[in-house]
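The values are calculated or read from the model by the stated rules, or taken from the named source; none is laboratory data. Fair warning: this is a prediction, and the values are worked out from it, not measured in the lab. Cβ placement follows ideal geometry from the backbone for every residue including glycine, while neighbour counts extend to all protein chains displayed.
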Amino acid sequence: MSARLAPGPGVRAAAEVGPGEGSGDPSYRIVEPALSAEERRWLGEIRRRLFARDLLRPKNGADAEACLRERIATVARADLQLKDPDLQDRLTYYLIRDLVGFGRIDVPMRDPDVEDISCDGVGIPLFVQHRRWGSLVTNVCFSDPHELDLFVGNLAQRAGRHLSIAEPLVEGTLPGGARLQASLGAQVTTRGSTFTIRRFRERALSPTDLVRSGTIDAQTMAYLWLAIEAGRSFVVIGGTASGKTTTLNALLHFVPAERKIVSIEDTRELYLPQENWVPLVTRDAAPWAEEAGSRPAGAVDMYDLLSAALRQRPQYLVVGEVRGREAYTVFQAMSTGRTCCATFHAENLRAMVQRMENPPISLPRALLGALPLVLVQALVRVGDTPARRVRSVVEIDGLDPETEEVVASTIYRWDAASDRFRTSGQSRLLEQLARERGVGIDAIQREVERRRWLLERWAGSNGEDPVAPDSFLRDAAAYARDPESALSAALRREEGPFSPRVGGTP
């Protein structure tokens, strides 16, 4: 499998995924145009002349790549009398790659199927995390320590961060939203400079995207739609790279557009379609800031943002990842009736309770009873393919008065053998919603079934064209205003086995 991914027009590069050299294991190979020693001399000369004439930086507001292409062409033809258009295209490719793109990792940085790019040190091949193939070794390797140090320093600068021997670790956000973690030299890593770049999709996934990919089924998603719309708090837990933030972002599409959302993150990862949304991001102290008390002056942490967010009267408070003292405030807010949504790093419910109760969080167990819903997500293998699945949806019914243990029941569970989702319990949450609406539980269950039917049509599960992800919020709002009209519109697209009018609207 190959894809042409590097800058254009003109000569482009490709990424190929296939059996590695000397083994049957798949690898990620970057194929770029070849240059001879003489052509590399031309490349260096053009770069030198661009630098000497201050032509490397485009004018403010100008498209960097298009402007630089024009200037490269001028220097190549007018100054160096370069007549070969094919050579000029190949030289332009490398100059654009290095001056505008991300150099030797520009191809995977443009590949929508690459989630992570990792360099573990000098002389070690880079690895990528591929959405379909998992972890793959590449044919890119930094063999020169000085070259790798310069490359890592450039990444830090592009993220707006300072990297030096005095401060050899850095975290930041690259242009385009990718998250960077890097270290310089052998100060804290024994094999030289390292970097890890975590990339995110250009467009946040919607609930129908998760249904279509099999991360969750339409029945479970319909249940969550009803719960989130009714203002129930939830936490998505799971291990590293299990897709917690992606699922959180998708589920937030169920928040009605008129409700106010305030999100708090260390690095911006959430991208919501609602306009009534205030995204807050933490800030590190400036490198020159002196320490004031227990932390550097100028720092704004999650707890500071959470305190400020509560004063903005949000109807939905979203925390990108709970991992410190802010947990106490989040659960206090839940206990007072505020809707809070978050992710948390834990493999299962028991691990979540243990992490919450112990330092550095030290949350009183009594507050855990304020959390009504927990989604457990994992990175699994379905056949030979890595996939993300919501392994279970758990309702928390409070604490046992005698043992003080968390009372929980699993409502939906993923069956690994069949790759299907099963209902495994009676939902107290749906019973609560029935009492709040003054209807019977049968009416609520019919409403879940109606929404399940609608989500399947929107996701294209029956062979019809899926609804555009960008229109999901509008379609969900249309259903909230007039369920019958929304169901009729979906029914006109294709008749299905379920009649959405059966039982009426609760």
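Below is a table of values for the structure above.
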| item | result |
| --- | --- |
| Helices (runs of 4 or more DSSP H) wholly inside region 57-122 that include at least 1 residues being without any contact (Cβ under 8 Å) to a residue 24 or more places away in the chain and not small (Gly, Ala, Ser) | 64-74, 85-99 |
| Condition check for residue 149: acidic (Asp, Glu) and surrounded by fewer than 19 Cβ atoms within 10 Å (Cβ to Cβ) | yes |
| From 363, 367, 371, residue being assigned to a loop (DSSP other than H, G, I, E, B), in the same structural domain as residue 340 (by TED's automatic domain parsing), without any contact (Cβ under 8 Å) to a residue 40 or more places away in the chain and within 21 Å of residue 330 (Cβ to Cβ) | 363 |
| Filter result (touching a residue at least 40 places away in the same chain (Cβ under 8 Å), more than 21 Å from residue 302 (Cα to Cα) and out of contact with any helix residue (DSSP H, G or I) (no Cβ under 9 Å at 6 or more places or on another chain)) within region 244-285 | 259 |
| Candidates 213, 242, 233 - the one that is touching a Pro at 6+ places or on another chain (Cβ under 8 Å) and at negative phi | 233 |
| Scope region 186-223; condition closer than 17 Å to residue 148 by Cβ, buried (at least 19 other Cβ atoms within 10 Å of the Cβ) and of a type outside the set (Val, Ile, Thr); matching residues | 192, 193, 195 |
| Residue match in region 141-162 (condition: under 17 Å from residue 30 (Cα atoms) and either assigned to a helix (DSSP H, G or I) or in contact with a strand residue (DSSP E or B) (Cβ under 7 Å, 6 or more places away or on another chain) (or both)) | yes |
| Every residue from region 341-360 that is surrounded by 18 or more Cβ atoms within 10 Å (Cβ to Cβ), of a type outside the set (A, V, I, L, M, F, W, C) and outside any helix (DSSP H, G or I) | 343 |
| Subset tally (residues that are among the β-branched types (Val, Ile, Thr) and in contact with a Pro (Cβ under 6 Å, 6 or more places away or on another chain)) for region 164-202 | 1 |
| Enumeration of residues in region 408-433 that are over 16 Å from residue 219 (Cβ atoms) and free of Cβ contacts under 8 Å to residues at least 40 places away in the same chain | 409, 416, 417, 428, 431, 432 |
| Any hit, region 166-174, residues being in a strand (DSSP E or B), among the small types (Gly, Ala, Ser), touching a strand residue (DSSP E or B) at 6+ places or on another chain (Cβ under 7 Å) and modelled with pLDDT of 95 or more | no |
| Enumeration of residues in region 288-318 that are surrounded by fewer than 12 Cβ atoms within 10 Å (Cβ to Cβ) and modelled with pLDDT under 85 | 288, 290, 291, 292, 293, 294, 295 |
| Considering residues of region 99-151 that are out of contact with any Asp or Glu (no Cβ under 7 Å at 6 or more places or on another chain) and polar (S, T, N, Q) only, the residue farthest from residue 214 (Cα to Cα) | 143 |
